[in-house]
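Asker: The structure is given below, and queries will be raised subsequently.
The values are calculated or read from the model by the stated rules, or taken from the named source; none is laboratory data. All figures in this text were calculated on a predicted structure; none of them were measured in a lab. Don't worry about glycine lacking a Cβ; one is built from the backbone with ideal geometry, like all the others, and counts go over all protein chains shown.
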Protein chains: 4
Amino acid sequence: YSQRKSCWYEEEIEENLRWCFALNSILHTGATQFQDIQLLDTKPFGKALVIDGKLQSAEIDEFIYHESLVHPALLHHPNPKTIFVMGGGEGSTARELLRHKTVDKVVMCDIDEEVVEFCKSYLAANSEAFCDPRLELIINDARAELEKREDKYDVIIGDLADPLEGGPCYQLYTKTFYELTVKPKLMQGGIFVTQAGPAGVFSHTEVFTCIFNTLKQVFKYVVPYSAHIPSYADIWGWVMASDYPITLSPDELDLRMKQRINGENRYLDGKTFVSASTLSKAVRKSLDVETHVYTEGAARFIYGHGHGSTHKNDHA
Amino acid sequence: YSQRKSCWYEEEIEENLRWCFALNSILHTGATQFQDIQLLDTKPFGKALVIDGKLQSAEIDEFIYHESLVHPALLHHPNPKTIFVMGGGEGSTARELLRHKTVDKVVMCDIDEEVVEFCKSYLAANSEAFCDPRLELIINDARAELEKREDKYDVIIGDLADPLEGGPCYQLYTKTFYELTVKPKLMQGGIFVTQAGPAGVFSHTEVFTCIFNTLKQVFKYVVPYSAHIPSYADIWGWVMASDYPITLSPDELDLRMKQRINGENRYLDGKTFVSASTLSKAVRKSLDVETHVYTEGAARFIYGHGHGSTHKNDHA
Amino acid sequence: YSQRKSCWYEEEIEENLRWCFALNSILHTGATQFQDIQLLDTKPFGKALVIDGKLQSAEIDEFIYHESLVHPALLHHPNPKTIFVMGGGEGSTARELLRHKTVDKVVMCDIDEEVVEFCKSYLAANSEAFCDPRLELIINDARAELEKREDKYDVIIGDLADPLEGGPCYQLYTKTFYELTVKPKLMQGGIFVTQAGPAGVFSHTEVFTCIFNTLKQVFKYVVPYSAHIPSYADIWGWVMASDYPITLSPDELDLRMKQRINGENRYLDGKTFVSASTLSKAVRKSLDVETHVYTEGAARFIYGHGHGSTHKNDHA
Amino acid sequence: YSQRKSCWYEEEIEENLRWCFALNSILHTGATQFQDIQLLDTKPFGKALVIDGKLQSAEIDEFIYHESLVHPALLHHPNPKTIFVMGGGEGSTARELLRHKTVDKVVMCDIDEEVVEFCKSYLAANSEAFCDPRLELIINDARAELEKREDKYDVIIGDLADPLEGGPCYQLYTKTFYELTVKPKLMQGGIFVTQAGPAGVFSHTEVFTCIFNTLKQVFKYVVPYSAHIPSYADIWGWVMASDYPITLSPDELDLRMKQRINGENRYLDGKTFVSASTLSKAVRKSLDVETHVYTEGAARFIYGHGHGSTHKNDHA
């Protein structure tokens, strides 16, 4: 006999759609200068980090998000040594990066010191990463930091909240930003990759296609891909972009993983990436016809546009 | 200003996980001889058919399930003329089948006459299919019907509830059934395809791997594939099986679709099938190591095993 | 075996408190010029009228509210012949009034014609009342109507939404309104009674004590009383006021009920009224110390003040 | 701006009715030998003790329950010195008892040591009571303990779970138990009082009328009374019984409270008790016609009878 669960976490994925997890406990509730944070111990997904009422990351499946964000870009790069992460305060992105033997230096730049400190204390899976001497942790606005620094990077990673117009990260998804800030900071052969919001059969039109299209204006090669993340109740999307070709066979990817990555991936391998980067008919069609470009001047405000799609609220 | 929604449909996907849709209205509630049925008008997913408290099919995304169930098998067959559907009372499977110009005859065998009648009356999208003279609708147990008939079929389709031990459809997933009932009723070159339960990164171990492994004992070629269905909040799986090779390139698939299918698919095309049949690392690994075979004698009862995974409750 | 209920009506009684009823069906959803209305068929409380997302009245226990609103005032009056109802569009107040043999005329003045028509069509329990020739139904603002008419009434009844500042009915609870509009329209011996919001151990401070105190400024005798209404998940309050003493023993009340009221009350009798008008220590204490008076000039806006306490949204 | 609450406690008061509190935190979850316990910090009602999925007691309104259980019996007794409490492990009943200056000794007998220890540790409001030298705390079955002891008591108090047939406390509500165990242990002038389940307009037929009727078979004077408890979303009932008249005027009650009770009651005074013991018409009618008597031999098992009405799960 298993008793009805009485304590629940409830998230409104959209106004008309709720996703509810039975709770073991509420580990922490608080507010930083920028956002509200909660750490919950949920029955279906383990420890869950919730920022401003939106699930960011759940213990049992964050590996899907973070392996997908990090490894394709690094593997397609011939020899990635220096990495800049915009956002990523949770530490999981750094953890995956630091598994790469080629990596000398990871600069992680998140705006919210308290979230970073919070994750350092609570997320055991990332504590080693936070101590790694190759990690340089900066508390700053990612754009300001990137512009200030004279260094260039092999890979730049956007681990930010979705580009909601009026939202904290919108300007970090614009054509101008990509053109004038990101691209000049990539070394030769460099790759940029960003999380790109929901990418489901219906949800991909929220921001995924626009991020793709905006990057296409700036970079020669742009590769969108996606994966199902159970705790998000949706498919999630990422986009890689570079002025250098991004193509490897599954076997080449598998070989590089073996050679370069410490430990074994739980989600991503060569075939998984083939599948992830082969999008379904409906999504490919939308990518083909998307004409909107994120610009600072012409920000369209779409009502309720991204409600429920704020993946990463790390203000970077 | 958009008001909080006050009427909700709530489903316990698992004991610890709920999925809730705002409601426009409750179109019908009733009970047949075999099951409870509800037709709901939901805000996020349109009209939704709920059987025994489990969402079966939602208006806005059932095309993903039904295109995935029907077209891969028919397209891989050189010239599919006669089809037998176990279950499928909703009519959507028949609808997709009847789009194939090669198809002469569809025998659809569902055990619950009232559900069939109900769907005939309420599901406008399938009304044309129900009237098609190529459709022969039989109310009977699918096994009994298949054994009784002397005909053989080019494609046999399992559109049934999951193989929960003790559940109504368990015996229609056993090695014996596949060997002694299904396979003998396939014409030369024939293909069997069945829905195969949830196939997410975690949920694929519920029944997907066992269905795959059971079919592997009986057929020479077995192809598992999957797709995300938003209203199920999960990835769903199907398995095709045949004693004849099942391999076509994306271009060949696209060509056959053009030649053979009336109208255009909304979900499936050649590349989508490549992606769907290229499973992720974790799932492939489980398929490789699965040893369990569904047998009538050795039914393991796993507590709560398929809780929440009863996709199709059509007792066929 | 009784299956888990899957369709629910959910009301936020307060921001932190929800009250949820399993649903049989959603009989009607719509919007009038003034408000959103729903008629739901709920499992625990039968048909329920919901206005602007707040339960107004439920089939199985509305008799408690309406017997409590109507009978004490009419019974304490020596010979009530003419009645004016502000609001009351649902028709239940009229129904209870028309049970009194002494009553010659009921003027019911509600601002929302569509709600009145809706209730006429859907609420079978009140259909007889709507047809009674003694009922004069007026669609107008109650204040305007009362001021315009030259008639005086034996009893005036306030069946209105709570006095939320900024809300549609606030001005119908002010000292000025009572003094200059209501009192002059009462015949000699006349009694005014109004619903007075939640009156629970904690909730009575929302509006109940202020309504009481405001009436005390205007009338010589003021009698507050309350009753538990299961579908509201709270105790509800009413206040009677007059310049003539309002005191009858339980036996006198019972006798008058027998003589004057057709049919038998389900909730109210003499002893019930003794109990209802003997308030608990905490509530009496608050009534004693309340100093706030509702005035048009000095409307305090209290944030969230009456959230969840909007009983009657009939804009009268 | 006040954010939507995301963590909720949800109780099924009945199968068709839910009552949900926003959560601050989950202070404790565990299982004793007898029952599951949770201590929750809820937003609307403060700390809440939940046993076997049912709210037992909430910080902000438990005073209503416990003042109502304890003071009427002690006040009606001329000089209550010795008290026996069946159940009451939470400590609040003892706390209220020990406020009486006349009381020399309180024997509190609860079966679940872990719950008692848990409440000692967590419920600050009762910690003084647990340390009072007049309190004798016994871990035992209340019936066995009462039978074993040779002492008699001025007041015996039943602070137990409802008499669900098959439930842990059923036998402590039977005619035989009252006749052969309780009554012989009352001193001359002694009074027995028990919690008596929900007593709302509809819910009073669950157990309240049967407890009343059973006590009426055994004692000469029986006084039922009730009060609304906000966190229970219902009216609750108690029954006092004695072979000596139980009648005091509100003024006498108020005087005795002043003389005998340390500190001031928050809920109960003389008038409140008049109101509480003057039941509404519907409830009085049911009490009059109730014929069922709880007996060990003739336990009727009523399906789902008291679902949601298990007030006190202290197995005593």
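Each row is one residue, and each column tells you yes or no for (1) out of contact with any strand residue (DSSP E or B) (no Cβ under 7 Å at 6 or more places or on another chain); (2) modelled with pLDDT under 95.
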residue	(1), (2)
C:HIS100	no, no
C:ASP104	no, no
C:GLU136	no, no
C:ALA144	yes, no
C:LEU164	yes, yes
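Asker: Now for a different question. Look at B:ILE83 and say whether it is within 16 Å of B:ILE229 (Cβ to Cβ) and modelled with pLDDT of 95 or more. Full working, then the answer.
Answerer: Working: within 16 Å of B:ILE229 (Cβ to Cβ): no; modelled with pLDDT of 95 or more: yes.
When the stated conditions are applied, B:ILE83 does not pass them.
Asker: Additional query: Which residues, counting only those in segment C:25-52, are surrounded by fewer than 19 Cβ atoms within 10 Å (Cβ to Cβ) and in contact (Cβ under 8 Å) with a residue 12 or more places away in the chain?
Answerer: C:SER25, C:LEU27, C:HIS28, C:GLY30, C:THR32, C:GLN33, C:PHE34, C:ASP36, C:ASP41, C:LYS43, C:GLY46, C:ASP52
Asker: Looking at segment C:83-92, is at least one residue farther than 17 Å from C:ALA196 by Cβ, touching a strand residue (DSSP E or B) at 6+ places or on another chain (Cβ under 8 Å) and hydroxyl-bearing (Ser, Thr, Tyr)?
Answerer: yes
Asker: Looking only at segment D:193-212, filter to residues that are part of a helix (DSSP H, G or I) and among the hydrophobic types (A, V, I, L, M, F, W, C); which one of those is nearest to D:TYR232 (Cα to Cα)?
Answerer: Going through the qualifying residues, I end up with D:PHE208.
Asker: Only one of these conditions is not met by B:ALA22: (1) in contact (Cβ under 8 Å) with a residue 60 or more places away in the chain; (2) of a type outside the set (Lys, Arg); (3) not assigned by TED's automatic domain parsing to the domain that holds B:ASP154. Which number is it?
Answerer: All conditions are met except number (1).
Asker: With the condition kept exactly as written, say whether any residue in segment D:101-114 is within 26 Å of D:PRO168 (Cα to Cα) and among the basic types (Lys, Arg).
Answerer: No, segment D:101-114 has no match at all.
Asker: While we're on this one: Within segment A:12-28, can you find the residues that are of a type outside the set (A, V, I, L, M), at pLDDT below 95 and in contact with a Leu (Cβ under 7 Å, 6 or more places away or on another chain)?
Answerer: A:HIS28
Asker: Just to check your reading of the model, which residue among A:VAL193, A:VAL207, A:VAL239 is away from chain B (no Cβ under 14 Å), touching a residue at least 40 places away in the same chain (Cβ under 8 Å) and more than 30 Å from A:ASN79 (Cβ to Cβ)?
Answerer: Matching residue, one of A:VAL193, A:VAL207, A:VAL239: A:VAL207.
Asker: Do you know which residues across segment B:61-103 are in contact with a His (Cβ under 9 Å, 6 or more places away or on another chain), crowded, with 24+ Cβ neighbours inside 10 Å and among the hydroxyl-bearing types (Ser, Thr, Tyr)?
Answerer: Within segment B:61-103, B:TYR65, B:SER92, B:THR93 meet the criteria.
Asker: Condition first: within 11 Å of chain C (Cβ to nearest Cβ) and of a type in the set (S, T, N, Q). Now tell me which residues in segment D:1-27 satisfy that.
Answerer: Passing the criteria: D:SER2, D:GLN3, D:ASN16, D:ASN24.
Asker: Can I ask one more? Can you find a residue that is assigned by TED's automatic domain parsing to the domain that holds A:CYS169, among the acidic types (Asp, Glu) and part of a helix (DSSP H, G or I) anywhere in segment A:123-133?
Answerer: Taking every residue of segment A:123-133 in turn, at least one turns out to be assigned by TED's automatic domain parsing to the domain that holds A:CYS169, among the acidic types (Asp, Glu) and part of a helix (DSSP H, G or I).
Asker: Taking D:SER231 and the conditions (1) under 16 Å from D:VAL293 (Cα atoms); (2) within 14 Å of chain C (Cβ to nearest Cβ); (3) of a type in the set (Gly, Ala, Ser), which numbered condition does it fall short on, given that it satisfies the others?
Answerer: (1)
Asker: Residues being closer than 22 Å to C:ALA73 by Cβ and either acidic (Asp, Glu) or not assigned by TED's automatic domain parsing to the domain that holds C:ASN79 (or both): count how many of those fall in segment C:96-122.
Answerer: Result for segment C:96-122: 3.
Asker: Considering only residues that are more than 15 Å from the chain's Cα centre (by Cα), in a loop (DSSP other than H, G, I, E, B) and modelled with pLDDT under 95, which ones fall in segment A:169-192?
Answerer: Once the filter is applied, which keeps residues that are more than 15 Å from the chain's Cα centre (by Cα), in a loop (DSSP other than H, G, I, E, B) and modelled with pLDDT under 95, segment A:169-192 yields nothing.
Listed here are the residues, each with its yes/no results for (1) among the hydrophobic types (A, V, I, L, M, F, W, C); (2) within 21 Å of C:THR214 (Cα to Cα).
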residue	(1), (2)
C:GLU117	no, no
C:LEU123	yes, no
C:CYS131	yes, no
C:LEU135	yes, no
C:ILE139	yes, no
C:GLU147	no, yes
C:ASP151	no, no
C:ALA161	yes, yes
C:LEU164	yes, yes
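Asker: Now for a different question. Among A:THR278, A:THR247, A:THR214, A:THR291, which is the only one that is over 29 Å from B:ARG18 (Cα atoms), modelled with pLDDT under 95 and of a type outside the set (Gly, Ala, Ser)?
Answerer: The conditions single out A:THR247.
Residues checked against (1) closer than 26 Å to A:SER68 by Cβ; (2) among the hydrophobic types (A, V, I, L, M, F, W, C):
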site: B:PHE212; (1), (2): yes, yes
site: B:ILE246; (1), (2): no, yes
site: B:ASP254; (1), (2): no, no
site: B:ARG260; (1), (2): no, no
site: B:VAL274; (1), (2): yes, yes
site: B:THR278; (1), (2): yes, no
site: B:LYS281; (1), (2): yes, no
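Asker: Additional query: Would you check if D:ALA227 is in contact with a strand residue (DSSP E or B) (Cβ under 8 Å, 6 or more places away or on another chain), closer than 18 Å to C:ARG284 by Cβ and touching a residue at least 12 places away in the same chain (Cβ under 8 Å)?
Answerer: Yes; evaluated as a whole, the condition is true for this residue.
Asker: Could you please find all residues in segment B:126-137 being exposed (fewer than 14 other Cβ atoms within 10 Å of the Cβ) and within 20 Å of B:LEU49 (Cα to Cα)?
Answerer: Selection gives B:GLU128 alone.
Asker: Here is a check on your reading of the model: is D:SER275 small (Gly, Ala, Ser), within 14 Å of chain C (Cβ to nearest Cβ), surrounded by 14 or more Cβ atoms within 10 Å (Cβ to Cβ) and without any contact (Cβ under 8 Å) to a residue 40 or more places away in the chain?
Answerer: yes
Asker: Hey, among the residues in segment A:168-182 that are surrounded by fewer than 18 Cβ atoms within 10 Å (Cβ to Cβ) and not polar (S, T, N, Q), which one's farthest from A:PRO72 (Cα to Cα)?
Answerer: So, considering only residues that are surrounded by fewer than 18 Cβ atoms within 10 Å (Cβ to Cβ) and not polar (S, T, N, Q), the one farthest from A:PRO72 (Cα to Cα) is A:LEU180.
Asker: Something else about it: So, restricting to strands (runs of 3 or more DSSP E) that lie completely within segment A:28-95, which ones have at least 2 residues that are away from every other protein chain (no Cβ under 14 Å)?
Answerer: Passing ranges, in order: A:82-87.
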